[in-house]
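To start, the structure under review is shown below, and the notes come after it.
No value in this document is a laboratory result; all are computed from the given coordinates. Source: prediction; values computed, not measured. Reconstructed Cβ throughout: ideal geometry from the backbone, glycine too, with neighbour counts over all protein chains shown.
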């Protein structure tokens, strides 16, 4: 009998449709079986399988520690083919390698050209990290978080509410952020409880405080930070 997704992973992961047995094995906590099947599908040219497998590498699931070099090798063909999830994972693999200048271009491709909501969220996060403080940068951050929210990603409203609550866009929006934040946090938690494998919930956490996988239900552990 399959276990609920929340018991498998402490953090969200997107499992695209069409990966059949591999996704079922992962959902049921049979991680070694899932990894083997993702590898097989990747070797056969499946871009969704490449993206998932590369994401598991940057999360430290495969080797116990984040492995951005392997993730880059696996995700690159999918990214070059224009597959948005592959571009998204490759961007984070570059980030883990310290190749930060390559990150925003990939997020922009996945976010704006392919309309991949998780990349819209992370393009907003990237802009907030590097461009906040200028009026142009602040407007860009605000637009991206609103866009992610309109596209259905649950983190869009949460990040926007936090951004407003910090007082970055004036007193009125600060009050609005304080009001919206509890609602936004509830939506994030509810999404992870309901379906931690959906695109609308995918959110990579670079500095995790817990292992990616729940070792009690999977028998595997991974590095608590990536």
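Restricting attention to segment 191-210, the residues that are in contact (Cβ under 8 Å) with a residue 12 or more places away in the chain and outside any loop (DSSP other than H, G, I, E, B) total 6.
If we keep just the residues of segment 48-72 that are out of contact with any helix residue (DSSP H, G or I) (no Cβ under 6 Å at 6 or more places or on another chain) and free of Cβ contacts under 8 Å to residues at least 40 places away in the same chain, which is surrounded by the most Cβ atoms within 10 Å (Cβ to Cβ)?
That would be 48.
Among the residues of segment 8-31, the ones that are part of a loop (DSSP other than H, G, I, E, B) and at positive phi come to 2 in all.
With respect to (1) touching a residue at least 60 places away in the same chain (Cβ under 8 Å); (2) part of a helix (DSSP H, G or I), the lone exception for residue 75 is condition (1). In segment 34-47 there is at least one residue matching the filter, namely being within 22 Å of residue 112 (Cα to Cα) and either touching a strand residue (DSSP E or B) at 6+ places or on another chain (Cβ under 7 Å) or surrounded by 15 or more Cβ atoms within 10 Å (Cβ to Cβ) (or both). A count restricted to segment 90-107 and to residues that are within 21 Å of residue 141 (Cα to Cα) and buried (at least 17 other Cβ atoms within 10 Å of the Cβ) stands at 7.
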